[in-house]
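Visitor: First, the structure itself, so that you have it in front of you.
The values are calculated or read from the model by the stated rules, or taken from the named source; none is laboratory data. Just so we're clear, the structure is a prediction, and the values are computed from it rather than from any experiment. Glycine gets a Cβ as well: all are built from the backbone with ideal geometry, and neighbour counts include every protein chain shown.
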Amino acid sequence: MTLTVPPSPNPSPEPDPRSLLILYATETGNAQDVADRVARHCRRIAFQCRVVSAEAFSAPELLSEPLVVFVVSTTGSGVEPRSMSAFWAQLLRADLPPDLFEDLSFAVFGLGDSAYEKFNWAAKKLSRRLASLGAHEIVDRGEGDDQHPLGLDGAFQPWSERLIAKLVELHPLPPGVEVIPETSIPPPRVAIDVAPETEAERKTGEPETDDLLEADKAFHTAVVRENTRLTAEGWYQDVRHLEFEFDGRDNIQYAPGDVALIHPVFPAAEVQDFLEILHWDDIADTPITITRTMEDQTLPDHLPLYPQRTTLRTLIARHVDFRAVPRRSFFQYLRYFTSDEREVETLDDWLSPAGGDDLYEYCHRPRRTIHEVMSEFRNVRVPKDYIFDLLPPLRPRQFSIASSNKENPKIVQLCVAVVKYRTTLKVPRRGACTTYLAGLKPGDKLRVAIQKGMIALPPSPSIPVICVGPGTGVAPMRALIQERIHDGSSSNTLYFGCRSATQDEHYAAEWAALAARQQLVYRVAHSRDGKEGEARVYVQDRIREDAKRVWELLRSGAWVYISGSSNKMPAGVKAALADVVEREGGYARHEAVRYVDGMIREGRFFEECWS
């Protein structure tokens, strides 16, 4: 079987040498933003770009593409985003010939964080795989690093300059065409117009608007049944157990490891304040239509485009994220739309090669939000057509489901840590969606979609599982354990980690009850409950303590699941398992490491980790 494109009855003409496909794979939207920026840069040298999600593209289609730029993020555990999984699986087929993509030229920019073990792993694997199939990489791979003082821009700026120079070298500008300066204001990606008055509005005097989110069949209306704090009152972290019930007519189906997608909505008072800062408050409730004008730029999902109607207030509340920490491109737009000399001077300094440190100290170190920046640059006047160029989309957030569909039909439960932290600024930073969820009350309604997860259950309930889920990482472990017990399994082990037995041991009574019924072996590590001066105990320490039992489980074919923070925990757990294999199994160290890696290759070791 070969990777082929079905023949067309009407063969298309030779591809335009100045056309470029930009494929992005993203989890949080950063790769999509970078893909848009690549398109704007390429537009300056007269390239026509298409910006497409890897989720909407298949590997066979690459055979008809002469030039592709890939923008790929890496999850904390070193794997590709969910949106790229199907595309990547196609590329990994063993029967693909080594010259399959000999006519393809490509470039790759990766988004990663060097604090994690597998930095930019997805981009590296993609680059190597394409080269092994005969494709030609035209510039060295770019590797963005969140740890850089300038964030992703630390790598993106020089990489994009190399890319543009190489493209001009390969495809010189047509006669009479000049490079558009970076300082030129790009056209807006949409046109916003006042909507014609409807007959109903003429009769009632009330504006009519639409929201495609309400009509999107992927999203279902849920009613809040429970919103309970799991952590002790006064504890530094607010972790919530939320329960949503769906209408009986909705066929809600999900499996352990699946995630709930939830669109946050900003509080009305914050929305009003931001509208006033933008000087849009007097037109905030006027019905408008949105028409796409730039095909090489993406738009937020579920955006009500023409002929649908909406308002600027709805866009600010539900479609753009004014609480986000702005990227460098945001400040470039501020520079376009201010004539105040002091603001111009400040922005020119920050946008210069030498001003990066000052911009970092002002914006990125304290995590200053767009709302806060705009409140200080009071002379900026942004035309409303530029709303989606200035402001990033307010994306749905992903939350691992903490319940079993079999055990709880029509119910979805979540275990959510409310994001709140301090920086050098006086006002604490808050997560948009977790703050929204924390404020929900029983009876409130919201829209929820289900997204397929990346784990699988063993083929038989008799196969043992070892689950490791510290903190809110326990959410998918709880779903998995509930499902297995429903299916008749008692071969379940859970390693849970928290700071204190009295403050943040999530679902402690539930685990104790399952252990008493011998349906679960529950092992908990309280890292802060030890005596002063004692070493802290973590989940990996409990695994080493249980080396004999863990080895017996592994020998009998146990599957292992890890969920939680993708910083040090997953690597620590893998090292502990290798220690168990080495000590109890009698393996040499390199053989023990290979044993654990072999479990991953065999499909009985899963990581569901996040940063």
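Visitor: Counting residues that are under 16 Å from Asn492 (Cβ atoms) and in contact (Cβ under 8 Å) with a residue 60 or more places away in the chain, which strands (runs of 3 or more DSSP E) fully inside segment 392-477 reach at least 3?
Guide: Filter on segment 392-477 gives 465-468.
Visitor: Pairs under 6 Å by beta carbon, first residue under 19 Å from Asp321 (Cβ atoms) in segment 353-372, partner assigned to a helix (DSSP H, G or I), six or more apart or different chains?
Guide: His371/Phe274
Visitor: Scan segment 153-166 for residues that are in contact with a helix residue (DSSP H, G or I) (Cβ under 7 Å, 6 or more places away or on another chain) and hydrophobic (A, V, I, L, M, F, W, C) and jot them down.
Guide: Phe156, Ile164
Visitor: Looking at Glu226, Glu243, Glu276, can you tell me which residue is surrounded by fewer than 19 Cβ atoms within 10 Å (Cβ to Cβ) and either in contact (Cβ under 8 Å) with a residue 24 or more places away in the chain or within 30 Å of Tyr507 (Cα to Cα) (or both)?
Guide: Glu226
Visitor: Within segment 538-562, how many residues are closer than 17 Å to Gly469 by Cα, over 31 Å from the mean Cα position of the chain (by Cα) and either polar (S, T, N, Q) or at pLDDT below 95 (or both)?
Guide: 0
Visitor: Could I ask something else about it? So how many residues does segment 17-39 have that are of a type outside the set (A, V, I, L, M, F, W, C) and farther than 19 Å from Leu63 by Cα?
Guide: 9
Visitor: Could you look through segment 365-390, keep only residues that are basic (Lys, Arg) and more than 22 Å from the chain's Cα centre (by Cα), and pick out the one that is farthest from Ala35 (Cα to Cα)?
Guide: Arg378
Visitor: Still on this structure, I have one more. Restricted to segment 122-132, and to residues that are buried (at least 20 other Cβ atoms within 10 Å of the Cβ) and among the hydrophobic types (A, V, I, L, M, F, W, C), which residue is nearest to Asp95 (Cα to Cα)?
Guide: Here the answer is Leu130.
Visitor: Here is a further query. Can you tell me which residue within segment 38-55, out of those that are part of a helix (DSSP H, G or I) and touching a strand residue (DSSP E or B) at 6+ places or on another chain (Cβ under 6 Å), is farthest from Leu173 (Cα to Cα)?
Guide: Looking at residues that are part of a helix (DSSP H, G or I) and touching a strand residue (DSSP E or B) at 6+ places or on another chain (Cβ under 6 Å), I get Ala54.
Visitor: Quick one: is Leu100 touching a residue at least 60 places away in the same chain (Cβ under 8 Å) and crowded, with 19+ Cβ neighbours inside 10 Å?
Guide: yes
Visitor: Need the failing condition index for Ala35 against (1) part of a loop (DSSP other than H, G, I, E, B); (2) modelled with pLDDT of 95 or more, just the number.
Guide: (1)
Visitor: Here's something else I'd like to know. Restricting to segment 482-540, give me the number of residues that are aromatic (Phe, Trp, Tyr) and either part of a loop (DSSP other than H, G, I, E, B) or assigned by TED's automatic domain parsing to the domain that holds Val416 (or both).
Guide: Total meeting the criteria: 2.
Visitor: Taking segment 161-192 on its own, how many of its residues are under 27 Å from Ile387 (Cα atoms) and touching a Phe, Trp or Tyr at 6+ places or on another chain (Cβ under 8 Å)?
Guide: 4
Visitor: A further question follows. Tell me the residue from Asp250, Asp285 that is part of a loop (DSSP other than H, G, I, E, B) and assigned by TED's automatic domain parsing to the domain that holds Leu305, please.
Guide: Of the residues listed, the single one that is part of a loop (DSSP other than H, G, I, E, B) and assigned by TED's automatic domain parsing to the domain that holds Leu305 is Asp285.
Visitor: Give the residue that is surrounded by the most Cβ atoms within 10 Å (Cβ to Cβ), with candidates limited to residues of segment 530-554 that are more than 23 Å from Glu505 (Cβ to Cβ) and of a type in the set (A, V, I, L, M, F, W, C).
Guide: Among those that are more than 23 Å from Glu505 (Cβ to Cβ) and of a type in the set (A, V, I, L, M, F, W, C), it is Leu554.
Visitor: Just to check your reading of the model, which residue among Arg189, Arg162, Arg141 is closer than 27 Å to Thr338 by Cβ and at pLDDT 95 or above?
Guide: Result of the check over Arg189, Arg162, Arg141: Arg189.
Visitor: Within segment 486-539, which residues are β-branched (Val, Ile, Thr) and in contact (Cβ under 8 Å) with a residue 60 or more places away in the chain?
Guide: Thr493, Thr502, Val539
Visitor: Taking Val271 as the residue in question, decide whether it is buried (at least 18 other Cβ atoms within 10 Å of the Cβ), farther than 18 Å from Ile185 by Cβ and touching a helix residue (DSSP H, G or I) at 6+ places or on another chain (Cβ under 6 Å).
Guide: Yes: the conditions hold for Val271.
Visitor: Give me the residue from segment 555-593 that is in a loop (DSSP other than H, G, I, E, B) and in contact with a helix residue (DSSP H, G or I) (Cβ under 9 Å, 6 or more places away or on another chain) and, out of that set, surrounded by the fewest Cβ atoms within 10 Å (Cβ to Cβ).
Guide: Only one residue fits best here, namely Ala588.
Visitor: Let me ask something else about it. Can you tell which of Pro256, Pro304 is modelled with pLDDT of 95 or more, in a loop (DSSP other than H, G, I, E, B) and buried (at least 17 other Cβ atoms within 10 Å of the Cβ)?
Guide: Criteria check complete, one pass: Pro256.
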